[in-house]
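Just below is one structure, and these are the notes that go with it.
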Amino acid sequence: MPTTSARSQPVYSALVVALFLIGVGCSDADVAPTGCTAEGADCTLGEVGTEGGLFLGSTSEGAGWTTAPEGELLRTHFNSVTSQNELKWGALVRDRGEYRFTQADETVEFAEANGMRMRGHVLFWHRLNGPPRWLADELAAADDPEAHLRELMREHVETVVGRYRGRIHTWDVVNEPLALLSDQIDHESIFFQAFADYDDFLDHAFRLARAADPDAKLFLNEILPAFSETTFDGLYRLVQRLVERGTPIDGVGFQGHFVLGRPDRETLRQRLQAFADLGLLTEITELDVTINLFPDAADPFAEQAEVYADVYAACAAVDLCIGVTTWNPHDATTWLDVDAIFGGQAPHFPTLFDESLEPKPAYHAAVDAVIASPRLSR
Ligand code: G3I
């Protein structure tokens, strides 16, 4: 069983050293040993992540989450935290010009206080409550919507990335550029509609973010590349174009919501490696695995654990894959159970911790997968 004791020292600086060493081609990362190197070791995901140079995290929850049981769960078991909703443009700026930073500040301060990597999700996302409600009206009224959006983007990135400069290590700059299960840009995107050339939108977004925090790692995040070959192909071509034109992109996020099928470990490894071969970092950014994938299984939680092991092992097998984040820390608050599409099939029990916040077989499988990976054995 994993320990429930909090780590005795912040892991973040050691992990940054480790990732720096990986980045310059040295695999003998100079990280303080934690003893998490043997199968069955009594270690948390955060500890094996630190040992292996991986950010292994989960998400924030609603206001006040850091002092709720979720805060204790994250600080005990993970070394990274991703903002689930509070840094979305629509959540930050409900009224034009009025930023509400209270909840985002809470999450960023929590990460700092606990020596955890902070992953900022997300600057530009066109779906659901990603964009603010006022944005469509404002662009519709503009003489030159592209020029106006460029300016609004500049204001937004300077305000948000600038506020957290040096404190948010990794940013999802743009989320879900592709239409679902397609290799084409989503034409429903307000950003696609405003820009004459969507690649210019991406380039503008990444350049703004680079200027606002030159040291932050800048990611493009997509929903189904681990599952769909079509999505992977479209994403690969898009990212290749960005790299060729010199857009300052550092990495590609594979969300990993496994609701349509289970991943194949080797295919996932190869897809992550394909982006590494372009010189880019990768991460699994939004992992969850519904037990509805295994309707006939005698033990669906054992099947689920196998899938989790596959995902952590695939990432750990790629040097430039820097982390895995589960979407929602435990089953009681999973977005899947309340989603407009998937909520009808609730309960999904898709995370690493059950509704009582106890670790599930998937948690132990994930720890063991990292321990068994080349990260800890070389
Ligand atoms: O904050 C308001 C609250 O003021 C209001 O009273 C309440 C009433 O419904 O809504 C609250 O906002 C909700 C928000 O979550 C915070 O709880 C939104 O309605 C709800 O739509 C929103 O859902 C989030 C969804 O993205 C849309 O933004 C989910 O929690 C979040 O898990 C989900 O995450 C996305 C990733 O960002 C991108 N990839 C897919 C993933 C799953 O959809």
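Numbers below:
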| quantity | calculated |
| --- | --- |
| Over 24 Å [Cα-Cα, segment 65-159], rounded percent | 31 |
| Derived scalar couplings ³J(HN,Hα) [segment 166-181; Karplus, 6.51 cos²θ - 1.76 cosθ + 1.60; whole Hz; x for Gly, Pro] | x, 10, 9, 6, 9, 10, 7, 7, 9, 10, 6, x, 8, 5, 4, 6 |
| Rg in Å to one decimal, and Dmax rounded to a whole Å, for segment 229-312 via C-alpha atoms | 14.9, 51 |
| Alpha carbon Rg of segment 251-372, scaled by the compact-globule rule 2.2 N^0.38 Å | 1.03 |
| Computed [θ] at 222 nm, helices only, for the chain once each DSSP H run of length n ≥ 4 contributes -39500 (n - 2.57) | -12000 deg cm²/dmol |
| Leading residue at positive end of dipole, the chain (Cβ point charges), from Val289, Leu352, Cys36 | Cys36 |
| Prolate/oblate/rounded label for segment 112-248 (Cα gyration tensor, a/c 1.5) | oblate |
| Viscosity 0.890 mPa s, temperature 25 °C, Stokes-Einstein D of segment 119-191 from Kirkwood C-alpha radius, µm²/s | 181 |
| The chain, dipole about Cα centre (Lys/Arg Cβ +1, Asp/Glu Cβ -1), debye to the nearest 20 | 760 |
| Cα Rg, Dmax, segment 266-331, angstrom units | 13.3, 43 |
| Residues whose placed amide H lies under 5 Å from that of Gly323, excluding near-sequence neighbours | Phe55, Ile284 |
| Phi-based couplings in Hz for segment 82-90 (Karplus 6.51, -1.76, 1.60; Gly and Pro marked x) | 10, 6, 7, 9, 6, 9, 5, 4, x |
| Among Ala104, Thr59, Ile341 the positive-end extreme of the charge dipole of the chain (Cβ point charges) | Ala104 |
| Inverse mean reciprocal Cα-Cα distance (Kirkwood Rh) of the chain, Å | 20.7 |
| Relative contact order (%) - criterion: Cα under 8 Å, at least six apart; region: segment 266-378 | 30 |
| Nonlocal amide H pairs with Asn114, under 5 Å, H built at 1.01 Å | none |
| Segment Val243-Ala372, extension gain: residue separation times 0.36 nm, minus the distance between their alpha carbons | 43.1 nm |
| Kyte-Doolittle at least 0.0, axis length at least 20 Å by Cα - qualifying DSSP helices, the chain | 300-316 |
| Fraction of antiparallel bridges per DSSP, segment 59-210 only, in percent to nearest 5 | 20 |
| Of Ala362, Gly323, Phe301, farthest towards positive along the dipole that unit charges on Lys, Arg, Asp, Glu beta carbons give segment 292-378 | Gly323 |
| Assigned charges on the beta-carbon of Lys, Arg, Asp, Glu; segment 40-129 dipole about Cα centre (debye) | 500 |
| Relative contact order for the chain, counting Cα pairs under 8 Å that sit 6 or more residues apart, in percent | 16 |
| Theoretical FRET efficiency, 1/(1+(r/R0)^6), r = Cβ-Cβ of Arg100 and Asp354, R0 35 Å, to 0.05 | 0.60 |
| Asp144-Thr230 pseudo-label distance in nm [points 7 Å out on the Cα-to-Cβ vector] | 3.7 |
| Segment 40-104: Rg to Rh, with Rh as the Kirkwood radius over Cα pairs | 1.13 |
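Just so you know, all these numbers are worked out from the coordinates, no wet-lab data involved. This one's a predicted model, so the numbers in the text were calculated from it and none came from an experiment. Every residue, glycine among them, receives a Cβ derived from its backbone with ideal geometry; neighbour counts consider all protein chains shown.
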